[in-house]
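Here the structure comes first, spelled out in structure tokens, and everything after it is commentary.
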Amino acid sequence: MGERGTSHSVTVEVNGEKVSRIVAARQLLVHFLRDTLGLTGTHIGCDTGNCGACSVIVDGKLVKSCMILAPQVDGSTIETVESLAQDGALSPLQESFHEHHGLQCGYCTPGMLMSATYLLRQNPEPTDEEIRRGIRGNVCRCTGYVNIVEAIREASRGQATGRRSAHAAAGEEV
């Protein structure tokens, strides 16, 4: 990294924490997260953007972290699978994956959870077809997707119910 232009300073907010590091100009975001920051929940699958195991949310958009360079996200807000659990408790989506056996080997699960998180933010009550479309960029070789779709569907029902009751308690219509 001694040559001019081969390293960059990167400052990002990752899972609510601001971090700054000097990185190689060609370091992929997935390696920045895993190797530089030690956030190993984001998995490296295909390195070609096909499998979705490395999916994270950057500035509110779902991205495959093996397809973007770390310097490109300078100034961004990044969410990884580590952001889903709060205070040691699994998120409703993670609980639903567990309850509905939406994982087997678990390799695709972090990317699948991030894709589902993004989907549910965009569409809190998706149909099964919309769920399948929402996770189409993620490859799972173990489950056949049936349990994953069921887990996302059930999580959406739980989120929608919580949202309705919060609005109803405030006297708002949904």
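Of all residues in segment 64-88, those satisfying the criterion of being in contact with a Ser or Thr (Cβ under 7 Å, 6 or more places away or on another chain) and under 12 Å from Val30 (Cα atoms) are Lys64, Ser65, Thr80.
Screening the candidates Val30, Val23, Val10 for the property of being assigned to a helix (DSSP H, G or I), among the aliphatic types (A, V, I, L, M) and over 14 Å from Ser83 (Cβ atoms) yields one hit, Val30. Taken over segment 19-53, the residue count meeting the criterion of being touching a Pro at 6+ places or on another chain (Cβ under 8 Å) and closer than 28 Å to Arg133 by Cα is 4.
Of the set (1) part of a loop (DSSP other than H, G, I, E, B); (2) surrounded by fewer than 14 Cβ atoms within 10 Å (Cβ to Cβ); (3) on the phi < 0 side of the Ramachandran plot; (4) assigned by TED's automatic domain parsing to the domain that holds Arg157, all apply to Leu103 but (2). For segment 42-55, the set of residues classified as in contact with a helix residue (DSSP H, G or I) (Cβ under 6 Å, 6 or more places away or on another chain) and either buried (at least 20 other Cβ atoms within 10 Å of the Cβ) or closer than 12 Å to Gly137 by Cβ (or both) consists of Thr42, His43, Gly52, Ala53, Cys54, Ser55, listed by residue number.
The values are calculated or read from the model by the stated rules, or taken from the named source; none is laboratory data. Fair warning: this is a prediction, and the values are worked out from it, not measured in the lab. Cβ: placed from backbone, ideal geometry, glycine included. Neighbour counts: every protein chain shown.
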